[in-house]
Structures are given as C-alpha cells and as structure tokens.
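In what follows, a single structure is set out as structure tokens and then discussed.
Just so it is clear, none of the values below were taken in a lab; they were calculated from the coordinates. A quick note: this is a predicted structure, and the numbers were derived from the prediction, not measured. Here the Cβ positions follow ideal geometry from the backbone for every residue, glycine too, while neighbour counts run over all protein chains shown.
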Amino acid sequence: MPVVENSIVAVTVYPTQARVTRRGRDTLAAGEQTVEVGPLPLSMDPDSIRVSGRGPATVLGVDVVLRRHAVPSDGTVTTVQQERRALTDELAEIGDTETVLRQRQAFLTALAERAGGTYARALATGEAAPDTVAAFTTTIGGELTSVLAGIRQLQHRRTQVTDRISALDRQLADVGELREPDARYAVVALAVSAPGQVELDVSYQVPDAGWRSTYDVRLTGETLRLTWFGLVEQRTGEDWPECELALSTARPSGVVAIPELDPWYLDLLMPPPPPMQAFAAYGGAPGAPAPAAAMPQPVARGRMLHDEEFDGFSPIEVAQATVQEGPVAATYRPARVVAVPADGTTSRATVLVLDLAAQLDHVAAPARSTDVHLRAVVTNTSQHTLPPGSAAVFHEADFVSKTALSAWAPGEELELALGLDDRVRVERELTRRTATRATLGSSRRREVEYRTTVGNYTGRPVRITVLDQLPVSRHDTITVKEALLEPPPAERTDLGVLTWRLVIAEGQTQTIRLGYRVDTAKGVQMSGWRE
C-alpha cells in the first residue's frame, strides 16, 4: 500500500487542543485505490480524522491504523537516539582506553621500583655509570607523565560525553511519546475516475497543545496601547513547521450535553459527632499583597539615543493578525508564520494592537498600606473579546509592574492596575487613643482618631480615591459609633468601608480625619481589635 508523501500545511490552535492539516500529492491510476497518509501522532483522536482534496477521485472511506516500527517514526527522535548510541559507544571506548593506560601506569611504577633497587646496588659496586641511571629515570618519568596526561584527557572527555548524553536524555523526555517506535496512519480508499495527480488534505485533532494570551500595556499620556500576544505550546509528538497558523478562541468539547437540574432537598441539620481531639488553628491576619515595582521618574534621553537622521520617518508599525469572526468564537491568523516545536517551547505571535483612551486616577488604602496605586479605567472600544491573561505594564519605555487582565468584552469597562506612583504621598497617623476600664454596671470604651495626609508632587493635578474603614460589630454587646468624619466620605457601605474622592492640585496636600469609639458591655472579651 503506497504511502503518500505529505507535510503539515496548516494548524488551528484552540485553547486546549489543535487541529492539524497534512497535504500530500500522488499520481494514481484509474480504478479503486487505497493509499496511506502519515505518520500521524499517537495522541491524535481517530474520530476526528477528515479527508478532502482535489483531483479526479472520490473518497470512499478513511480508517486510522496503528503501525508498529522497529525505530521511531519521527526523524528528529531517530537522530537523537542515534547520537546517544554513538556517545554511549564512545563512553565505552574511553573506559577501555583508560583501563589500558592504568595498567601501563602500574607496570611502569612496578618497573621503576624493581629497577631502583638493582641500579642502587650497581652504583654501589661501580657496575653502572650514573649517566645510565639518570637516563633510565628520565625515560620512566616521561612515560609516567605521558600516561597520567592521557588519563586526565580521558576523564575530561568522559565528562563532556556524559553531559551530552544527559542533554539528549532531557531532549527525549521533552518530546514524550516520540520515543515510542509507533505511529498512526490514515488509510484512504479512493475511486479514481481518470489517471492523474490527486491532492489529499488530511486533518485531525490532537491534545497536549494550546495557546494562551499575554499582553503588553503601555501608557503614554492618557492613551493606553494594548498589544495582545498569543503564546503557543505543544507536546503532540510532531514538530509544526512554518505553516498557516491560526489561533481560535473556540473551545471544542468531546462530549456536550444539555444541563439538567437535580432535586434540591431541604432537611434538618444533624450536628456532627464531637471530635476525639480538638486542635487549635493558628493564623495571622492576611498580609498586604506584595507591592509592584515603583514607577520610576522619567529619565532624560541622551543624545546617543537620538539620531536626527530619522526625524522625518514615521514610527515602526506592528503587524497584526487578520481576524475571522464566527457565531461564538473568533479565529486569528498572525501576519508572520511561526514554527512550533514539539518539546513544549513557547512560540509567540502578535495578535492585535489597540489604542484605547484611559481615565487615570490614583487609589490608596492607608489602613493597609501607604502605597499609592495608579489606576486606569478603560473601555474596550474594539470588536474583539480579549481572553484573560497576564500583562506587563510600561510607562512609555519603562517597565513598572505586572498585572492580570480578566476576560474583556467589546464595550466593557475595565479597571487596570498600572503600578505604584511614589510622587503621590500618603501618611496615616494615630492622633488620639483612649481606653476606659469597665466599672460596676458600666461598659468599657475605646476611642481612636486618625489623620491621613495626601500630598501631590506629580507636577499636575491628580484625582485620588482614599479608602478607609470603621470596625463592624457582629454582636449586640459591642457598639461602634463614629465620632469624626472630616470631610464627609463620598460613599460608605454597611461593612464599614469609607470612600473619599479627592482632587489635589500640584504641590498641595489634603487631610482626612477619622475618629470612632467602641463600647463593650461588662465582662465581654472583644476580638478583632487593632490600631
């Protein structure tokens, strides 16, 4: 049965799998013919095989068969295994040569010991001349030096060969199933109406492949340039060459069923039996999240970074992918062909570049941290739904932090964290604290007052949202009352969160004062208090 020579011409990558298309041509005689297309990866889904093509032929049927081979079907793996066998033989040769040299070393050492006594007696009786003894000693020393140098060279070669074998083992481990000397083939039955050349396209679905999104978010003034990249990885057992690569947001599913609801029962709560032993759980309050890198001050560009020769040229453009919108998903075809190896190496392709208007402000929660975060409120004015992914944040040319983007639909408004801004300063100070002891028939009272000062040193007016909070009582024996809110907050919630929205001129400061008292009934031990 002839095997049609073929190669990968197109790959459509989904978030968790991929569809691969192979194309082959062959000249066939008239009549019913059966040809094979392959090798195909072992991990492919046999039910996903599809055949199309061009030429004077009709497809009668297609099957997927497994062929057992004595050697791996993948050329890359075969080459690696052949190199590893050659290195293993070289390692054995090094061991044999070292054995011979060590035997020669032992022989020369023993010869020198026996000859040493003989020459000593001969010199004492005058039967041997000193020159003869010196010549013998020089000869033995030179031979031993040569032998030891040869042993050192062999040890150096052994280290190099061992390291290379380890690297080849890691490469074989990366390609996973490629080490297995088996492959699948598509057996295609054709009815050829006239002799001539027939072109066949065989497509199939493979797991262990996918793509994810990552972004560059670059702020220039109040314009946010968002560059969307697709990171493609695969361990399917076959390398994808530079071909027609498409990234699809569709999520193929092997089994789909309409959801049904089970009965929802309500019953009496049966308390669990008491445990044999009680274990106390200890834990601290959650700490503040690790701060992102602080936004550096603008750096003046030196003349070495500016060339007047290019003043008249426009900025370099970034090639974007073409998009094909479907009913529930979109397919993006990058402008540049990308090869994706089967060892899990990440290949990156530019999908889209968007320029979006940003509304900038600052956010601080001094009760937790005095860091001031720069925030952008941005609306997705494009027609593209952006998948979730990590994002690197730049202020013009300076990298300042990393953040995460959630799924972003067209027309949706999203808040983006753009790092810390040290040019807006926030200080929170405990200015008053009193506590009274509970007396007979009375309660215990605690009173605190804070002063928060916000300073603007950015060189322009800024809008900042300051968050603070009042404690919330969860028991009727604990009462919380506000004593001072100056200025009044713009918003407050039932959970005690207070929000101030301030506009501060350049070089100016503004103060927020917050005070409250907490009364506890006699004999009540309160938890959760902090200052």
> With each pseudo-label sitting 7 Å past Cα toward Cβ, what's the E242-L484 distance in nm, one decimal?
Replying inline: 7.1 nm
> Taking θ as phi - 60°, what are the ³J(HN,Hα) couplings along the range 191-202 by the Karplus curve (6.51, -1.76, 1.60), each to the nearest whole Hz, with x for Gly and Pro?
Replying inline: 10, 8, 7, 8, x, x, 8, 10, 10, 10, 10, 10
>> Starting from the 7 Å offset along Cα-to-Cβ, what nm value, one decimal, do you get for the label separation of A122 and R437?
In response: 10.9 nm
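How large is the dipole of the range 75-174 about the Cα centre if only Lys and Arg carry +1 and Asp and Glu carry -1, each at its Cβ, rounded to the nearest 20 debye?
Details: 11 positive and 13 negative charges, 28 e Å.
In debye, rounded to 20, the range 75-174 gives about 140.
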> Amide H of E412: which non-local residues (sequence gap of 5 or more, or other chain) have their own amide H closer than 5 Å, using H built in the peptide plane?
Replying inline: N380
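Note down the relative contact order for the range 366-414 as a percent, whole number, built from C-alpha pairs under 8 angstrom at least six residues apart.
Numbers: 60 pairs, mean separation 20.8, N = 49.
42 percent.
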>> Explain nothing, just compute: Karplus ³J(HN,Hα) = 6.51 cos²θ - 1.76 cosθ + 1.60, θ = phi - 60°, for every residue of the range 404-421 in order, whole Hz, x for Gly and Pro.
In response: 10, 9, 7, 4, 10, 8, x, x, 7, 9, 9, 9, 10, 7, 10, x, 9, 10
> What spacing in nm lies between the two simple spin-label points modelled at E32 and A397, each 7 Å away from Cα in the Cβ direction?
Replying inline: 7.2 nm
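What does the extension gain come out to for S7 and D96, with contour length at 0.36 nm per residue minus their alpha carbon separation?
Values: separation 89, 0.36 × 89 = 32.04 nm, distance 4.49 nm.
That pair, S7 and D96, stretches by 27.6 nm at full extension.
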>> Check which residues have an amide H placed less than 5 Å from G196's amide H, if you skip close sequence neighbours.
In response: L28
>> Using the Cα centre of the range 75-174 as origin and beta-carbon charges of +1 (Lys, Arg) and -1 (Asp, Glu), tell me which of A86, T118, L168 is placed farthest towards the positive end of the dipole.
In response: T118
>> Kirkwood Rh and Cα-based Rg: tell me the resulting Rg over Rh for the range 75-174, rounded to two decimals.
In response: 1.32
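Could you order the peptides 186-198, 445-457, 86-98 from most to least packed, using the average number of other C-beta atoms within 10 Å per residue? Don't jump to the answer; show the numbers that get you there.
Working: 186-198: 16.6, 445-457: 18.2, 86-98: 13.5.
Packing order, densest peptide first, comes out as 445-457, 186-198, 86-98.
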>> In whole Hz and in residue order, list the ³J(HN,Hα) couplings for the range 517-528 that follow from phi through the Karplus curve 6.51 cos²θ - 1.76 cosθ + 1.60, θ = phi - 60°; x for Gly and Pro.
In response: 10, 10, 10, 10, 5, 4, x, 8, 9, 9, 10, x
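Kindly state, to the nearest 0.05, the FRET efficiency for V377 paired with D89, given R0 = 41 Å and r defined as their beta-carbon distance. Display every interim value, and only then the final one.
Values: r = 67 Å, r/R0 = 1.62.
Efficiency at R0 = 41 Å is approximately 0.05.
Could you calculate the contour length gain from R50 to A106, that is, 0.36 nm times the residue separation minus the distance between their Cα atoms, to one decimal place in nm? Kindly include the intermediate steps, with their values, before the conclusion.
Working: separation 56, 0.36 × 56 = 20.16 nm, distance 7.02 nm.
Here the segment from R50 to A106 would lengthen by 13.1 nm.
Can you give me the relative contact order of the range 466-531 as a percent, contacts being Cα pairs under 8 Å and 6 or more apart?
Values: 80 pairs, mean separation 26.8, N = 66.
Contact order relative to length: 41 percent.
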>> Can you compute the label reach from I140? Point 7 Å from Cα along the Cβ direction, backbone N cut-off under 16 Å, restricted to the range 88-115.
In response: 104-115
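Between rounded, prolate and oblate, where does the range 424-520 land on the alpha carbon gyration tensor, with a ≥ b ≥ c its root eigenvalues, rounded for a/c under 1.5, else prolate if a/b exceeds b/c?
Details: a/c = 4.25, a/b = 2.27, b/c = 1.87.
Prolate shape, in that a/c is at least 1.5 and a/b is the bigger ratio.
Can you tell me the length gained on complete extension of the stretch V472 to A521, counting 0.36 nm per residue apart and subtracting the Cα distance? Kindly include the intermediate steps, with their values, before the conclusion.
Numbers: separation 49, 0.36 × 49 = 17.64 nm, distance 1.58 nm.
Going from the current span to full extension adds 16.1 nm.
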>> Calculate the FRET efficiency for Q155 and T346 from the Cβ-Cβ distance with a Förster distance of 56 Å, rounded to the nearest 0.05.
In response: 0.90
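Compute the FRET efficiency between T223 and E415 as 1/(1 + (r/R0)^6), taking r as their Cβ-Cβ distance and R0 = 22 Å, and round to the nearest 0.05.
Numbers: r = 17 Å, r/R0 = 0.77.
With R0 = 22 Å, the Cβ-Cβ based efficiency is 0.85.
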